[in-house]
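Notes for the one structure printed next.
The values are calculated or read from the model by the stated rules, or taken from the named source; none is laboratory data. Since we're looking at a predicted model, the values are computed, not measured. Positions of Cβ are backbone-derived with ideal geometry, glycine not excepted, and every protein chain shown enters the neighbour counts. For the accessible areas, the whole protein counts, side chains as well, though only heavy atoms, and no ligand, DNA or RNA atoms are used. Shrake-Rupley method; radii C 1.70, N 1.55, O 1.52, S 1.80 Å.
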Amino acid sequence: MSLVTRYRLFWAALLAALLGLAFWKNSRSYPGRSRLWRLGKAVVDAGLVIILTVYAPALLLMYVVVWLTSPFKNRIVQATAAFASVLAVTHLAGVVFEAVAVLAVFAVDLLSGQVVARMNKRNQLAKAA
């Protein structure tokens, strides 16, 4: 099985899991509605999540935090928990983005061979001096 096929298979399985989860949630929330209606709503929900993931991840993060803090009945506790969780997740996201940027530099070096060569040249010049 080629890498492209595995890649497509992974994303297809992820999409199927997202649709199945949305359909299951809709089946529990709307038991009186028809199966076609629940499936249509699942497709719309999954589509919106995918669009938010691609184009507005910060908005998706806010939506997830609001959803996670909704069980708190006290508004002060809910707002405090939402604020703390947004701070924690954005801090972790910043660390991940920095790691991705550093890895991207070395990935470009694998293609061009210039970054590590420049670092080696600097080391040789420093040893010579």
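Summary of computed values
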| quantity | calculated |
| --- | --- |
| Residue list for region 73-86, restricted to those being modelled with pLDDT of 85 or more and either closer than 21 Å to Ala56 by Cβ or open to solvent by 90 Å² or more (accessible area, probe 1.4 Å) (or both) | Lys73, Arg75, Ile76, Ala82, Phe83, Ser85 |
| Near pairs, Cβ below 8 angstrom, 6+ apart or cross-chain, from region 55-83 (within 24 Å of Asp45 (Cβ to Cβ) and small (Gly, Ala, Ser)) to any residue that is open to solvent by less than 70 Å² (accessible area, probe 1.4 Å) and assigned to a helix (DSSP H, G or I) | Ser70/Gln78; Ala82/Val65; Ala82/Thr69 |
| Residue in region 41-59 that is part of a helix (DSSP H, G or I), over 16 Å from the mean Cα position of the chain (by Cα) and exposed (fewer than 14 other Cβ atoms within 10 Å of the Cβ) present | yes |
| Residue that is farthest from Trp67 (Cα to Cα), among those in region 16-40 that are open to solvent by 80 Å² or more (accessible area, probe 1.4 Å) and touching a helix residue (DSSP H, G or I) at 6+ places or on another chain (Cβ under 7 Å) | Leu39 |
